[in-house]
Amino acid sequence: MAVERTLSIIKPDATKRNLTGKINQKFEDNGLRIVAQKRIQLTEDQAKKFYAVHAERPFYKDLVSFMISGPVVVQVLEGDDAVAQNRKIMGATNPAEADEGTIRAEFAENIEANSVHGSDSAENAAIEVSFFFSENEIVG
Ligand code: ADP
Ligand code: MG
């Protein structure tokens, strides 16, 4: 298995409920290392650009509003097979369908306010990591 990096975002529903530590514990307990992390307020432009792939979806406008409704924690996670491993730790997009013990099963409020984002491929991970971090901000 290759060591990979993936982008994670702890979303506003979770930062508002003070769940950053509990969510980070899930990553660390499951073999991922947090090699970069910052708490930021996304601008509308940033949120629109980050989720541009969903621009044509009916939920896009609401998603952008939600993502700027409070602070987020953007982070780079590193470990064996980190992209797929993080998706497993996160659970399904819809918390009603998420496996027991996953972040979304335990913490998500609904299909939109679902507590975390995680890159869905190694290619997108590289693009998303560079959206928020320069190489010298990531310390493995
Ligand atoms: P994931 O975050 O699991 O990769 P997607 O990339 O499909 O899921 O969607 C991006 C985000 O858009 C989701 O995490 C969620 O916040 C929101 N979203 C997805 N589907 C819906 C939906 N049907 N209604 C409202 N929001 C949604
Ligand atoms: Mg996605």
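The values are calculated or read from the model by the stated rules, or taken from the named source; none is laboratory data. Bear in mind that the values here come from a model prediction, so they are computed numbers and not experimental data. Note: ideal-geometry Cβ built from the backbone for every residue, glycine included; neighbour counts use all protein chains shown. With ligands, DNA and RNA removed, areas are computed over all heavy atoms of the protein, side chains included. Shrake-Rupley method; radii C 1.70, N 1.55, O 1.52, S 1.80 Å.
Odds and ends about this structure:
- For Arg39: the one exception among (1) farther than 18 Å from Ala125 by Cα; (2) out of contact with any Pro (no Cβ under 9 Å at 6 or more places or on another chain); (3) of a type in the set (D, E, K, R): (2)
- Selection count where residues are buried (at least 20 other Cβ atoms within 10 Å of the Cβ) and either part of a strand (DSSP E or B) or away from ligand 2 (no atom under 15 Å from the Cβ) (or both), scope segment 81-94: 2
- Checklist (1) of a type outside the set (D, E, K, R); (2) open to solvent by 50 Å² or more (accessible area, probe 1.4 Å); (3) near ligand 1 (Cβ under 9 Å from one of its atoms); (4) out of contact with any helix residue (DSSP H, G or I) (no Cβ under 8 Å at 6 or more places or on another chain) applied to Ile127, failing item: (3)
- Residue in segment 20-39 that is open to solvent by less than 80 Å² (accessible area, probe 1.4 Å), more than 12 Å from ligand 1 (Cβ to nearest atom) and farther than 25 Å from Lys88 by Cβ present: no
- Screening segment 99-121 for residues that are open to solvent by less than 60 Å² (accessible area, probe 1.4 Å) and over 14 Å from the mean Cα position of the chain (by Cα) and picking the one that is farthest from ligand 2 (Cβ to nearest atom) gives Gly101.
- When Tyr60 is tested against (1) of a type in the set (Phe, Trp, Tyr); (2) away from ligand 2 (no atom under 15 Å from the Cβ); (3) free of Cβ contacts under 8 Å to residues at least 12 places away in the same chain, exactly one condition is not met: (2).
- Residue within segment 50-59 that is surrounded by 14 or more Cβ atoms within 10 Å (Cβ to Cβ) and more than 12 Å from ligand 1 (Cβ to nearest atom) present: no
- Selection status of Glu78, without any contact (Cβ under 8 Å) to a residue 24 or more places away in the chain, closer than 18 Å to Ile138 by Cα and more than 16 Å from ligand 2 (Cβ to nearest atom): no
- Tally of residues being in a helix (DSSP H, G or I) and open to solvent by less than 40 Å² (accessible area, probe 1.4 Å) across segment 64-80: 3
- Condition met for Ala14 (over 23 Å from Ser130 (Cβ atoms) and not in a loop (DSSP other than H, G, I, E, B)): yes
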